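Written out below as structure tokens is the structure these notes cover.
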Amino acid sequence: MATDNAKLAALVGSRICHDLISPVGAINNGLELLGMAGAMDGPELELISDSVNNANARIRFFRIAFGAAGMQELGRAEVEGVLSDVSKGGRVKYQWNVEGSAPRADVRLAFLAGLCMESGLPYGGTVEISRSEDSWTITGEGRKVNADSALWASLSGGTGEIEITPALVQFALMPAMGAETGRTVSATASEEKLTIQF
């Protein structure tokens, strides 16, 4: 994917997430008001509330992963909050092992790497994100690892034929967005563990 296309995709991602976050938040506020008024209680309200919370968490995650990065830094508390909320509703649990704040562009790459990990962990697992000086390592482990070799090779610059579907768009975006920030992405996959570095 050309860099211009990656920038356009990031702007589209930012716009979609920006437009969705407010109405999802409003639904959540409405549910809280219904609960306080006693107008609705029980498992139905809990199910709707859980669904809204999961949607809100994924939108916040996608906003960082697919949105325009700019030059801002993201604080540790903000990133951990997003990952904690995503972990509550998903089959993959995230661990953020990064001290202090981090450039939004790097966090974006780490989140894209996390989405790549999710595709290779069909039964769930743990994704650990860590930084050592200026390099990042994202590892994924779970009960079963199922990584498509061509997709994983594409992250490291492989030239094999791969079909990018909406569910796999992160595999096309990550190398392009890495190149945009001067980072080289490398990936390895075994039957026990997935690793992405940049």
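What follows is calculated from the coordinates using simple rules that are stated; it is not laboratory data. Values in this document were obtained by computation on a predicted structure and should not be read as measured data. Don't worry about glycine lacking a Cβ; one is built from the backbone with ideal geometry, like all the others, and counts go over all protein chains shown.
Taking 0.36 nm per residue of separation and subtracting the current Cα-Cα distance, fully stretching the chain between Ile164 and Glu44 would add 39.5 nm.
Can you give the helix-only mean residue ellipticity at 222 nm for the chain, where every DSSP H stretch with n ≥ 4 adds -39500 (n - 2.57) and the sum goes over all residues, rounded to the nearest 500 deg cm²/dmol? Helix contribution divided over all residues of the chain: -18500 deg cm²/dmol. When +1 charges are put on Lys and Arg Cβ atoms and -1 charges on Asp and Glu Cβ atoms, the dipole computed for segment 3-197 relative to its Cα centre reaches about 180 debye. Mean sequence separation of contacting Cα pairs (under 8 Å, at least six apart), scaled by the length of segment 3-197, corresponds to a relative contact order of 18 percent.
For Tyr123 and Leu34, a Förster radius of 35 Å and the Cβ-Cβ distance give a FRET efficiency of 0.50, rounded to the nearest 0.05. Once backbone amide H atoms are built at 1.01 Å from N, Leu74 has Ala102, Arg104 as its partners under 5 Å, excluding neighbours fewer than 5 places away on the same chain. Between the listed residues Thr137, Ile59, Leu31, the Cα displaced farthest toward the positive end of the dipole of the chain, a dipole computed from Cβ unit charges relative to the Cα centre, is found at Thr137.
Residue exposure proxy: Val185, Val127, ordered by other Cβ atoms within 10 angstrom of their Cβ from fewest to most, comes out as Val185, Val127. For segment 117-185, the relative contact order is 24 percent, taking Cα pairs closer than 8 Å that sit 6 or more residues apart in sequence and dividing their mean separation by the residue count. When the chain is treated as a GNM with alpha-carbon contacts under 10 Å, the residue of Gly30, Gly142, Gly75 showing the greatest mean-square fluctuation is Gly30. Panel order for Arg108, Arg76, Arg143, by other beta carbons found within 10 Å of each beta carbon, from fewest to most: Arg143, Arg76, Arg108. The number of Lys pairs in the chain with C-alpha atoms less than 23 Å apart, excluding pairs fewer than 8 positions apart on the same chain, is 5.
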